[in-house]
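*Asks:* Structure provided below as structure tokens; questions to follow.
Here, each number is a calculation from the coordinates, and none is a lab measurement. Since this is a predicted model, take the numbers as computed values, not measurements. Here the Cβ is made from the backbone with ideal geometry for all residues, glycine too, and neighbour counts use every protein chain on show.
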Amino acid sequence: MNKAFVILALGLSVSLAAQAETIYRTTDAQGNVVFTDNPERGGEKVDLKPLTVVPGRDETRAAGAPAVVDGGGSGSGGGTAAGPGQPFMPYDSFGILSPRQEETLPTGAAGNVQVTLGIQPDLREDHRVRLLVDGQVSQTAMHTDTFMLNNLNRGEHVLQAELLDASGAVRHRTSPVTLYVQRASVNLPQNPNNPANN
């Protein structure tokens, strides 16, 4: 019982310290230590060090400091950017917006597709993005949020984008997006009723 009371008293002392400048420690008739901010109860004055206050995420952003956010892919994840020359911080949003997950590119597109990224806030001047197709770098890193893929082979492809910082180090990768590409086959007759051509 005494142990629980002492823990309660210590918790009270911390909360009182946040509100009051002076705390007093006394011992009651049962030998329990009591903390109070009432000097009339007597007791020994306790000097407490100031509490360290860490602002919440919204308060930090309001003050202009970047907040770290983890995640990525399909429009989520990634980070908030500080100015050039400052340490890298993830973006609030860094993911592939289009094509959508498991989208099918029709035969008429001839394997050509535009890949659009969602990056919030805007991409920093010293950051670059590169596109991966099936795990291989498709295009060199550029300061852009849009890529054009041409003449993709028929079948399934996995797209990802990588975020590179000023030194060229990969700092974030989107979640993979699977794309199905339909192409006319040169080995089959061009019959629109033939499912193999779709």
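*Asks:* State, to one decimal in nm, how far the label point of R100 lies from the label point of T116, with both points 7 Å from Cα in the Cβ direction.
*Replies:* If labels sit at R100 and T116, their model points lie 1.3 nm apart.
*Asks:* Here's another thing I want to ask about it. Under a Cβ-Cβ cut-off of 13 Å, what is the net charge of the residues other than V170 that fall near it, where Lys and Arg count +1 and Asp and Glu count -1?
*Replies:* That sum, taken over residues with Cβ under 13 Å, equals +2.
*Asks:* Around I96, with a cut-off of 14 angstrom between Cβ atoms, what is the net charge of the other residues, counting Lys and Arg +1 and Asp and Glu -1?
*Replies:* Charge balance near I96 sits at -1.
*Asks:* Along the range 102-109, what does the Karplus equation 6.51 cos²θ - 1.76 cosθ + 1.60 (θ = phi - 60°) give for ³J(HN,Hα), rounded to whole Hz, x for Gly and Pro?
*Replies:* For the range 102-109, the Karplus-derived couplings read 6, 6, 10, 8, x, 4, x, 7 Hz, x marking Gly and Pro.
*Asks:* On to the next question. Could you give the length gained on full extension between T140 and A29, defined as 0.36 nm per residue of separation minus the Cα-Cα distance, in nm?
*Replies:* Once the chain is fully extended between T140 and A29, it gains 32.2 nm.
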